[in-house]
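The values are calculated or read from the model by the stated rules, or taken from the named source; none is laboratory data. The shown structure was predicted, so the numbers you read here are calculated from the model rather than taken from an experiment. When we count neighbours, we look across all protein chains shown, and the Cβ atoms used for this are built from the backbone with ideal geometry, even at glycine. Ligands, DNA and RNA are excluded from the accessible area calculation, which covers all protein heavy atoms including side chains. Shrake-Rupley method; radii C 1.70, N 1.55, O 1.52, S 1.80 Å.
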Amino acid sequence: MEISEHIQIVADEGQLLARAAAEAGTDAKVPTCPDWQVRDLLRHVGMVHRWAAAFLAERRTSYRLGGELPDLDGDALVEWFREGHVALVATLESAPPDVECWTFLPASSPLAFWARRQANETTVHRVDAESARGGTPSPLDAAFAVDGIEELLFGFHAREKSRVRSAVPRVLRVRATDGPTWTVRLSDGPPAAEHGATAPADCEVSGPATRLYLALWNRLPFPEVTGDTALAALWRERSAIVMG
């Protein structure tokens with residue numbers, strides 16, 4: 001996907017997140033993140049938006065922790081979130097294509113990394129906000145879902161930090177019924193993802209790309225699991241993401 005497409009997704013999804021949070025109320029429980037209420041969600045995503053924007057705006061070339069979480073609640077907290085979201089979108093839009101700053105996943109440029117990362121960050125947490133509000137969730141674009149699955153498989157879970165490990169080598173197939181197929185080789189090292197059905201699978205998880213995307217982010221159950229269901233359970237138990 002193009003950088004401009006990711007930036008537009010950040011803009012659109014952030015607005016949807018804020019709207020859902022306001023409608024749910026900040027004390028509402030977040031079913032997709034059982035330990036959170038909406039206030040926790042807003043504080044987290046609002047901090048991440050400001051953290052990401054600072055790397056681009058200040059040309060930070062080394063890792064820094066995020067800022068303090070605000071002592072705000074209710075409408076004031078929603079407004080704080082909106083301010084940070086608007087600032088992030090403006091920063092992404094105004095950053096030069098060759099901007100240099102710290103990143104933590106492979107990408108064609110730092111700007112491409114941050115636009116993609118914040119598009120996925122904001123989308124997944126928009127889903128959380130809408131789960132707290134209830135009602136019909138906003139749709140996801142299938143092409144973006146495929147792109148987001150690739151960020152997970154070839155980015156996050158290619159790192160040493162991934163906890164999706166198996167003492168005995170196994171193969172997990174991820175198949176979008178309306179898109180690509182991926183093969184993920186599990187071992188005692190980081191998962192190794194490949195495009196296509198490159199090896200016989202011990203377990204396959206499949207379904208529409210948009211549902212697979214949310215399932216791989218542990219926001220929905222896998223639409224369909226065939227073979228050794230323990231591998232699908234392993235993903236759900238150990239795939240939580242550690243940023244940075």
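Send over the semi-axes of segment 169-244's equivalent ellipsoid, whole angstrom and largest first, taken as the square roots of 5 times the C-alpha gyration tensor eigenvalues. Spell out each step's value before the answer.
Working: eigenvalues 54, 51, 30 Å².
So the equivalent ellipsoid measures 16, 16, 12 Å along its semi-axes.
With all pairs of different alpha carbon atoms counted, what Kirkwood hydrodynamic radius in Å does segment 117-202 show? Numbers along the way, then the final one.
Details: mean 1/r = 0.0694 Å⁻¹.
The answer is 14.4 Å.
Going by the alpha-carbon gyration tensor, a ≥ b ≥ c the square roots of its eigenvalues, is segment 1-74 rounded (a/c under 1.5) or, if a/c is not under 1.5, prolate (a/b greater than b/c) versus oblate? Verdict is oblate for segment 1-74. Net charge dipole, segment 1-129: roughly 280 debye, given to the nearest 20, about the Cα centre with Cβ charges of +1 for Lys and Arg and -1 for Asp and Glu.
Please work out, to two decimal places, the log10 of the ratio I(q)/I(0) at q = 0.09, 0.10, 0.11, 0.15 Å⁻¹ from a Debye calculation in which every Cα of segment 17-139 carries one identical scatterer. Taken in order of the listed q values, log10 I(q)/I(0) reads -0.26, -0.32, -0.38, -0.68. Loop-only GluC sites (Glu not before Pro) in segment 141-199, please: DSSP not H, G, I, E or B, and at most 10 other Cβ atoms within 10 Å. Sites meeting the loop and neighbour criteria: Glu160.
For segment 1-91, which whole-number percentage of the solvent-accessible area (1.4 Å probe, protein heavy atoms only) is attributable to carbon and sulfur atoms? Don't skip to the answer; put the middle values down first.
Numbers: 2260 of 4630 Å².
That share works out to 49 percent.
Normalising by residue count, segment 81-143 has a Cα convex hull of 114 Å³ per residue. Heavy-atom surface analysis with a 1.4 Å probe gives segment 164-244 a carbon and sulfur content of 54 percent of its accessible area. The base-10 log of I(q)/I(0) for the chain, evaluated at q = 0.07, 0.12, 0.18 Å⁻¹, reads -0.23, -0.70, -1.41 [Debye formula, identical scatterers on Cα atoms, solvent excluded]. Checking every one of the GluC sites (Glu not before Pro) in segment 46-101 against DSSP loop status and a limit of 11 other Cβ atoms within 10 Å picks out Glu58, Glu68. Between segment 177-244 and segment 28-101, how many Å separate their Cα centres? Taking the Cα centre of segment 28-101 as reference, the centre of segment 177-244 is 28 Å away.
With a probe of 1.4 Å, find how much accessible area the chain has per residue, and write the answer as a whole number in Å².
Working: 10940 Å² over 244 residues.
Value returned for the chain: 45 Å² of accessible area per residue.
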